[in-house]
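Visitor: Quick one: structure below, then a few questions.
The values are calculated or read from the model by the stated rules, or taken from the named source; none is laboratory data. As the structure is a prediction and not an experimental result, all values here were calculated from the model. Here the Cβ positions follow ideal geometry from the backbone for every residue, glycine too, while neighbour counts run over all protein chains shown. These accessible areas exclude ligands, DNA and RNA; they are computed on the full protein's heavy atoms, side chains included. Shrake-Rupley method; radii C 1.70, N 1.55, O 1.52, S 1.80 Å.
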Amino acid sequence: MRQQLWPEAGRDDLAELARIHVPWTVLVAEREGALVGFAEATIRSVVDGHYFEPAAFLEGIWVAPGARRQGIASALLAATMDWARAQGVNGIGSDVLVDNAASIAWHRHAGFA
């Protein structure tokens, strides 16, 4: 699933997260025994829009094409926010490629500015 979202990424970025020792989580969505989505998040000391305090950062979120538009991404985001609150932070940031209209629409729908 991770390679579907980031086809150019290898394992180097995971090794980098482990090396810098940031709080990090991966949450998965499952349906009928099959994984259909995931969200990956970190706690960053600086996140745009959350000045002077750490915040969660949604590094990536992906749902299998056949499982989209069924609330899975929203449920993953809610679980990510629960994890972030357990880490002691209340805000979350994210980013999206400027040419990814579907992701921009989902982020807006989810409440990101």
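Visitor: Scan the stretch 75-104 for residues that are closer than 21 Å to Ala29 by Cβ, of a type in the set (A, V, I, L, M) and part of a helix (DSSP H, G or I) and jot them down.
Guide: Ala75, Leu76, Leu77, Ala78, Ala79, Met81, Ala84, Ala86, Ala102
Visitor: Follow-up question, since we're still on this one. What residue, of Asp99, Asp82, is within 13 Å of the chain's Cα centre (by Cα), charged (D, E, K, R) and surrounded by fewer than 14 Cβ atoms within 10 Å (Cβ to Cβ)?
Guide: Selected residue: Asp82, the only one of Asp99, Asp82 that is within 13 Å of the chain's Cα centre (by Cα), charged (D, E, K, R) and surrounded by fewer than 14 Cβ atoms within 10 Å (Cβ to Cβ).
Visitor: Condition check: open to solvent by less than 20 Å² (accessible area, probe 1.4 Å), within 11 Å of the chain's Cα centre (by Cα) and either within 16 Å of Val22 (Cα to Cα) or not aromatic (Phe, Trp, Tyr) (or both). Does Ala41 satisfy that?
Guide: Yes: the conditions hold for Ala41.
Visitor: Another question, then. Search the stretch 51-74 for residues being in contact (Cβ under 8 Å) with a residue 24 or more places away in the chain, assigned to a loop (DSSP other than H, G, I, E, B) and not charged (D, E, K, R), and hand back the single one that is most open to solvent (accessible area, probe 1.4 Å).
Guide: Pro54
Visitor: I'd like the full set of residues that are closer than 18 Å to Ser45 by Cβ and not aliphatic (A, V, I, L, M), limited to the stretch 81-113.
Guide: Answer for the stretch 81-113, where residues must be closer than 18 Å to Ser45 by Cβ and not aliphatic (A, V, I, L, M): Trp83, Arg85, Gln87, Gly88, Asn90, Gly91, Gly93, Ser94, Asp95.
Visitor: How many residues does the stretch 20-56 hold that are under 23 Å from Ala102 (Cα atoms) and at pLDDT below 90?
Guide: Selection size over the stretch 20-56: 3.
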